[in-house]
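> Following this message is one structure expressed as structure tokens.
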Amino acid sequence: MGGRVARSGAGRKGDTGKPPWDLAPWRAVSAMVRVLGFGARRYGPENWRKVENRRDRYSAAALRHLVAWKLGEKKDPETGESHLAHTMCCVAFLLDEEEEKQP
């Protein structure tokens, strides 16, 4: 086995500057993933990528879900999931498109 063994008492891990995935709010991410699963079952996986004029349509949808939540409707009546989780999905779709266009 040709690897070097560190002789000092402490081990090393080269993770400085890497994204801190452990800081993600996993309950919120899980809620978003449930909404994604509903959409995939209904329309097909990643159908959102094929929607025409998706920037305008998903920004409008995000606002509708956020306003519904703000007005006191906590759950989307069709899915039973939080309007905030639906908002997260819509914003994630928009961000994905924006990130894809980055050089």
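The values are calculated or read from the model by the stated rules, or taken from the named source; none is laboratory data. Quantities reported herein were computed from a predicted structural model and do not represent experimental measurements. Because the Cβ atoms are built from the backbone with ideal geometry, glycine has one as well, and the counts that use them run over all protein chains shown. We work out accessible area using only protein heavy atoms, side chains counted, and drop any ligands, DNA or RNA first. Shrake-Rupley method; radii C 1.70, N 1.55, O 1.52, S 1.80 Å.
> Is it possible to state the helix-based mean residue ellipticity at 222 nm for the chain, with each DSSP H run of 4+ residues giving -39500 (n - 2.57), the sum divided by total residues, to the nearest 500 deg cm²/dmol? What is it?
About -18000 deg cm²/dmol.
> Give the long-range amide H neighbours of Lys75: residues separated by 5 or more places, or on another chain, with amide H under 5 Å away, using H modelled in the peptide plane at 1.01 Å from N.
His83
> If I stretch the segment between Leu63 and Ser30 completely, what's the gain in nm (0.36 nm per residue apart, minus their alpha carbon distance), one decimal?
Net length gain for the segment: 9.8 nm.
> Take the chain, drop everything but the C-alpha atoms, weight them equally and run the Debye formula without solvent; then report log10 I(q)/I(0) at 0.10 Å⁻¹ to two decimals.
-0.43
> Counting only the heavy atoms of the protein chains, how much of Trp69 is accessible to a 1.4 Å probe, in Å² to the nearest 10?
80 Å²
> Another question, if that's okay. Nearest 10 degrees, 0 to 90: what angle lies between the long axis of helix 54-70 and the longest principal axis of the chain (Cα atoms)?
80 degrees
> Could you do me a favour and compute the accessible area per residue for the chain, 1.4 Å probe, result in Å²?
83 Å²
> Something else: With axes computed from alpha carbons, what is the tilt in degrees of helix 26-43 against the longest principal axis of the chain, rounded to the nearest 10 within 0 to 90?
Long axis of 26-43 versus the principal axis of the chain: about 50 degrees.
> If you filter the chain for GluC sites (Glu not before Pro), then keep DSSP loop positions with at most 13 other Cβ within 10 Å, what is left? Before the final figure, lay out each step's value.
On the way: sites: Glu46, Glu52, Glu73, Glu78, Glu81, Glu97, Glu98, Glu99, Glu100; in loops: Glu46, Glu52, Glu73, Glu78, Glu81.
Sites meeting the loop and neighbour criteria: Glu46, Glu52, Glu73, Glu78.
> What number, in percent, do you get for the relative contact order of the chain if the mean sequence gap of Cα pairs under 8 Å and at least 6 apart is divided by its residue count?
Averaging sequence separation for qualifying contacts and normalising by length gives 28 percent for the chain.
> Where the centre of each part is set by its Cα atoms, how far does the stretch 68-82 sit from the stretch 18-41, in angstrom?
One Cα centre to the other: 18 Å.
> Comparing Leu63, Leu23, Leu84, which has the greatest mean-square fluctuation in the GNM of the chain with Cα pairs linked when under 10 Å apart?
Leu23
> Follow-up. What's the magnitude of the charge dipole for the chain around its Cα centre, counting Lys and Arg as +1 and Asp and Glu as -1 at the beta-carbon? Answer in Debye, nearest 20.
Computed charge dipole of the chain: roughly 460 debye.
> Roughly speaking, what is the stretch gain from Lys74 to Tyr43, that is 0.36 nm per residue apart minus the C-alpha to C-alpha distance, in nm to one decimal?
Values: separation 31, 0.36 × 31 = 11.16 nm, distance 2.36 nm.
8.8 nm is the gain from fully extending Lys74 to Tyr43.
> Cut-off 10 angstrom, C-alpha nodes, Gaussian network model of the chain. Which of Gly11, Gly44, Gly80 fluctuates the most?
Gly11
> Taking the chain as a Gaussian network, Cα atoms linked when under 10 Å apart, which of Ala40, Ala61, Ala24 shows the biggest mean-square fluctuation?
Ala24
> With every protein chain kept in the model, how would you rank Arg12, Arg55, Arg34 by accessible area, 1.4 Å probe, largest at the top?
Solvent-accessible surface, decreasing: Arg12, Arg55, Arg34.
> Using only protein heavy atoms and a 1.4 Å probe, report how much of Lys101 is accessible, in Å² to the nearest 10.
140 Å²
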